[in-house]
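Asks: Submitted below is the structure of interest, expressed as structure tokens.
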């Protein structure tokens, strides 16, 4: 359908919605229709529940869905991370088996990348996978995983070749989570939430057919996932439609359950929106230092939004995620830190208080203990600086002593 015009796409999707959209359908039944028709994921290939449209024409489809208040595909990391990676790196068999249940919401996913002994050195992972016929046997530990308690599948990185250098001995798997040998434990955070989990894997099994990409080529597949993650820019929501019909009610309930994990994420981002009202209520809006900090933050946010606009324009033209993702990630971290510093200047020691008598009922305190996570999640600020320096500015790579030797000879924190 690459030769379709915007008017042609609009007419076709409008006719389909007028005939098919029924706000009283069960959500799962509606999502099956989205998968069958391809209108739920219009940029995907026709043979994999899509329409083969450009991002610009997909925007026309979105306009028509919004016009009638129709619900879209399921939300979450399955749609935003797993599906794009499978489309880019997965086999035809894998696409045929795993993509449709993502669209319908039947299968949710989580991400098993980070490990407690590796820090920001993702390629230093030690979770191992050993071939056993048509399966791989996986043993190891992962950390900082959201959604692991309910996920059907995980995006798993495991080491399959200990003789190869660390970046070349990793394989990317679609791991079935609901099996013996996969234990999920919640992690209590200092802001009072338990959104993340650590996952212990003991001789869990994954079919060889669930390798995403090539055996030993998992680093390339992981980079594809991370590029999409950095491009999210905090937007994890899906189209829940509007109205009071059954489909919308079920979609809203689904989204609300999913978003419970991320309820504190606005605080992690710094809540710059609260700076002006807080300054006014506490009578410091005339303080020259507060005003200077707030103005500087506002200007920086404007510049960051312009960069994000450039990134969206590039994606609309069909270009893959680029350095704008790393720039956006760094901008988000800087905005969070500047916001926390400004909140601290405004509230002073009162900003450490929680409870009903504290600033914004404890929201400011929550900001101060949540903001450090913005510089870690999705790739640390240091990693983003390296990406920009090496891949955008063409600077020499950071010196390393372990990139070209067999991983079994690399000294590791675990001592193994």
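Asks: Does residue 72 meet the test of being in a loop (DSSP other than H, G, I, E, B), in contact (Cβ under 8 Å) with a residue 24 or more places away in the chain and either in the same structural domain as residue 110 (by TED's automatic domain parsing) or buried (at least 17 other Cβ atoms within 10 Å of the Cβ) (or both)?
Replies: Yes: the conditions hold for residue 72.
Asks: Given the structure, is residue 47 assigned by TED's automatic domain parsing to the domain that holds residue 24, over 22 Å from residue 110 (Cα atoms), assigned to a helix (DSSP H, G or I) and touching a helix residue (DSSP H, G or I) at 6+ places or on another chain (Cβ under 7 Å)?
Replies: no
Asks: Can we say residue 21 is buried (at least 16 other Cβ atoms within 10 Å of the Cβ), touching a helix residue (DSSP H, G or I) at 6+ places or on another chain (Cβ under 6 Å) and in the same structural domain as residue 246 (by TED's automatic domain parsing)?
Replies: yes
Asks: Do we find that residue 297 is surrounded by 14 or more Cβ atoms within 10 Å (Cβ to Cβ), farther than 25 Å from residue 146 by Cα and not assigned by TED's automatic domain parsing to the domain that holds residue 150 in this structure?
Replies: Here the answer is yes, as residue 297 does meet what is asked.
Asks: Let me ask something else about it. Which helices (runs of 4 or more DSSP H) does region 322-416 wholly contain that include 1 or more residues that are in contact (Cβ under 8 Å) with a residue 40 or more places away in the chain and not assigned by TED's automatic domain parsing to the domain that holds residue 274?
Replies: In region 322-416, 381-387 are the helices (runs of 4 or more DSSP H) which contain 1 or more residues that are in contact (Cβ under 8 Å) with a residue 40 or more places away in the chain and not assigned by TED's automatic domain parsing to the domain that holds residue 274.
Asks: OK, next. In region 301-321, what count of residues is obtained for those that are touching a residue at least 12 places away in the same chain (Cβ under 8 Å) and not in a helix (DSSP H, G or I)?
Replies: 4
Asks: Which of (1) in contact (Cβ under 8 Å) with a residue 40 or more places away in the chain; (2) touching a strand residue (DSSP E or B) at 6+ places or on another chain (Cβ under 9 Å) is the odd one out, the single condition residue 163 does not satisfy?
Replies: (2)
Asks: Another question, then. Of all the residues that make up region 190-228, how many are closer than 30 Å to residue 370 by Cβ and either surrounded by 21 or more Cβ atoms within 10 Å (Cβ to Cβ) or in contact (Cβ under 8 Å) with a residue 24 or more places away in the chain (or both)?
Replies: Going through region 190-228 one residue at a time, the tally reaches 17.
Asks: Now for a separate question. Could you name every one of the strands (runs of 3 or more DSSP E) located completely within region 126-220 that has at least 2 residues being within 23 Å of residue 90 (Cα to Cα)?
Replies: In region 126-220, the matching strands (runs of 3 or more DSSP E) lie at 128-132, 135-145, 153-159, 170-176, 196-207.
Asks: Taking residue 212 as the residue in question, decide whether it is under 29 Å from residue 385 (Cα atoms) and touching a helix residue (DSSP H, G or I) at 6+ places or on another chain (Cβ under 6 Å).
Replies: So residue 212 fits the description; yes.
Asks: Please work out which one of (1) closer than 30 Å to residue 156 by Cβ; (2) in a helix (DSSP H, G or I); (3) modelled with pLDDT of 95 or more is the condition residue 63 fails and give its number.
Replies: Answer for residue 63: the failing condition is (1).
Asks: Can you confirm whether region 221-243 contains a residue that is touching a helix residue (DSSP H, G or I) at 6+ places or on another chain (Cβ under 9 Å), at pLDDT 95 or above and over 27 Å from residue 29 (Cα atoms)?
Replies: There is at least one residue in region 221-243 that is touching a helix residue (DSSP H, G or I) at 6+ places or on another chain (Cβ under 9 Å), at pLDDT 95 or above and over 27 Å from residue 29 (Cα atoms).
Asks: So, residue 98, is that one farther than 30 Å from residue 405 by Cα, surrounded by 18 or more Cβ atoms within 10 Å (Cβ to Cβ) and in contact with a strand residue (DSSP E or B) (Cβ under 7 Å, 6 or more places away or on another chain) or not?
Replies: Taking the combined requirement at face value, the residue satisfies it.
Asks: For the list (1) in the same structural domain as residue 207 (by TED's automatic domain parsing); (2) assigned to a helix (DSSP H, G or I), I need the number of the one condition that residue 120 fails.
Replies: Every listed condition holds for residue 120 apart from (2).
Asks: So residue 115 passes all but one of these: (1) surrounded by 17 or more Cβ atoms within 10 Å (Cβ to Cβ); (2) assigned to a strand (DSSP E or B). Which condition number does it fail?
Replies: (2)
The values are calculated or read from the model by the stated rules, or taken from the named source; none is laboratory data. In this text the structure is predicted, and so the values were computed from the model without any measurement. Cβ coordinates were reconstructed from backbone atoms using ideal geometry, including for glycine residues, and neighbour counts include every protein chain displayed.
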